[in-house]
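Notes follow once the structure below has been shown.
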2 protein chains.
Amino acid sequence: MSSPSAHPKDATALERLRKAGLRPTRQRLALAKILFANGSRHVTPESLYTEAKGKRVNLSLATVYNALHDFTERGLLREISIEAGRSYFDTNTSEHHHFYYERTGKLQDVALDSVRITSLPDAPAGEKVKRVDVIIRLAR
Amino acid sequence: MSSPSAHPKDATALERLRKAGLRPTRQRLALAKILFANGSRHVTPESLYTEAKGKRVNLSLATVYNALHDFTERGLLREISIEAGRSYFDTNTSEHHHFYYERTGKLQDVALDSVRITSLPDAPAGEKVKRVDVIIRLAR
DNA sequence: AATGAATTTTAGAATAATTCTAAACGGATA
DNA sequence: TATCCGTTTAGAATTATTCTAAAATTCATT
């Protein structure tokens, strides 16, 4: 096998991991390449695992869970909870919102400025607002 | 044992179930009494099961799941998904939002009018906006 | 290139939440 | 009261996720 940096996109994945302070292991590099190759994506651990396997990446499901959590902790991903019993990870870590297609379970980004929130309650004493999630649930 | 309607609150629970088209079984009545006795509440299947057991209501966890889903389908409850792997049910079915205390996993209602949303994107073609959920995540 | 310490990966077991199954039960109606 | 059909139940099954301890890999140092 050639070294990872022989391919153009590896540099990006490698840089990302380096900047995040994560050791660029073969598995993390492969996952980062899949996740950040194109635009914004939403994956579940299972979907990412299947996709990686499909690309002949040899790794275990536990590693996918580990990587998704590590990436999230280091700010490379954002976790979204929409439905009990299924977690989603979003490669778009900037502030934004979501459409959720209830029928299919798919997520779609909604630009931050297309939802205008002009008032919010104060945070209860001793607490700070960490994030405001807006989920626009869609049905036919 | 006295008949359920011998107690004042039973009438309310009974009525609720009747109106919703749900057979007022002993288990459903007991759960409805617990859920709707006071103001707005947020329960998990497990927490409601434990609470019912504590009150000497004899039922199984599966029944709690069944009842929560039946109640939700009939509009008596609203399901909220905040965290993967845990579902919450809210006795407040009117439109409103939530504070979510990440540390403790507790939910708190936020009045509809304390969050003013002055613009929303159009629903994608073929879809309708079913609901807009705003979750204000709190941390210290 | 070899060494070694620390981190990461892995398979499989363990745990947790939820759903399923099929039998027993109970509420509604005649 | 008899019957029908929805409901409850215990326990098994399923699904999602985390844990565990051993093996492998990375990275810094020789």
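The values are calculated or read from the model by the stated rules, or taken from the named source; none is laboratory data. Bear in mind that the values here come from a model prediction, so they are computed numbers and not experimental data. Quick reminder, even Gly has a Cβ in these numbers, built from the backbone with ideal geometry, and neighbours come from all protein chains shown. Calculation scope for accessible area: heavy atoms of the full protein, side chains included, ligands and nucleic acids excluded. Shrake-Rupley method; radii C 1.70, N 1.55, O 1.52, S 1.80 Å.
So which of A:Arg74, A:Arg56, A:Arg78 ends up being in contact with a Gly (Cβ under 7 Å, 6 or more places away or on another chain) and more than 10 Å from chain B (Cβ to nearest Cβ)?
None of the others qualify; the one that does is A:Arg74.
For residues that are farther than 22 Å from B:His98 by Cα and more than 12 Å from DNA strand D (Cβ to nearest atom), tally how many sit in the stretch B:28-48.
Final tally of qualifying residues: 1.
What's the number of the condition A:Gly105 fails, among (1) on the phi < 0 side of the Ramachandran plot; (2) in the same structural domain as A:Arg116 (by TED's automatic domain parsing)?
(1)
Being touching a residue at least 40 places away in the same chain (Cβ under 8 Å), more than 14 Å from DNA strand C (Cβ to nearest atom) and outside any loop (DSSP other than H, G, I, E, B) is the filter here, so list the residues in the stretch B:32-49 that pass it.
Once the filter is applied, which keeps residues that are touching a residue at least 40 places away in the same chain (Cβ under 8 Å), more than 14 Å from DNA strand C (Cβ to nearest atom) and outside any loop (DSSP other than H, G, I, E, B), the stretch B:32-49 yields B:Leu35, B:Phe36.
Would you confirm whether any residue within the stretch A:5-21 is surrounded by 13 or more Cβ atoms within 10 Å (Cβ to Cβ), under 13 Å from the mean Cα position of the chain (by Cα), outside the structural domain of A:Ala139 (by TED's automatic domain parsing) and of a type outside the set (Gly, Ala, Ser)?
Checked the stretch A:5-21: no residue is surrounded by 13 or more Cβ atoms within 10 Å (Cβ to Cβ), under 13 Å from the mean Cα position of the chain (by Cα), outside the structural domain of A:Ala139 (by TED's automatic domain parsing) and of a type outside the set (Gly, Ala, Ser).
So, of the residues in the stretch A:82-101 that are within 10 Å of B:Ser81 (Cβ to Cβ) and in contact (Cβ under 8 Å) with a residue 40 or more places away in the chain, which turns out to be nearest to DNA strand D (Cβ to nearest atom)?
Only one residue tops the list, namely A:Arg86.
Counting only residues that are open to solvent by 70 Å² or more (accessible area, probe 1.4 Å), among the β-branched types (Val, Ile, Thr) and at the interface with chain B (Cβ under 9 Å from one of its Cβ atoms), how many does the stretch A:93-128 have?
1
Return the only residue of B:Ala52, B:Ala123, B:Ala139, B:Ala62 being closer than 25 Å to A:Val110 by Cα and free of Cβ contacts under 8 Å to residues at least 24 places away in the same chain.
B:Ala123
Considering (1) more than 7 Å from chain B (Cβ to nearest Cβ); (2) open to solvent by less than 40 Å² (accessible area, probe 1.4 Å); (3) touching a helix residue (DSSP H, G or I) at 6+ places or on another chain (Cβ under 9 Å), say which one A:Ser87 fails and leave the rest.
Of everything listed in (1) more than 7 Å from chain B (Cβ to nearest Cβ); (2) open to solvent by less than 40 Å² (accessible area, probe 1.4 Å); (3) touching a helix residue (DSSP H, G or I) at 6+ places or on another chain (Cβ under 9 Å), A:Ser87 misses just condition (1).
Run down B:Leu59, B:Leu76, B:Leu68 and say which single residue is at pLDDT 95 or above, open to solvent by less than 50 Å² (accessible area, probe 1.4 Å), within 22 Å of A:Ile82 (Cα to Cα) and assigned to a loop (DSSP other than H, G, I, E, B).
The match here is B:Leu76.
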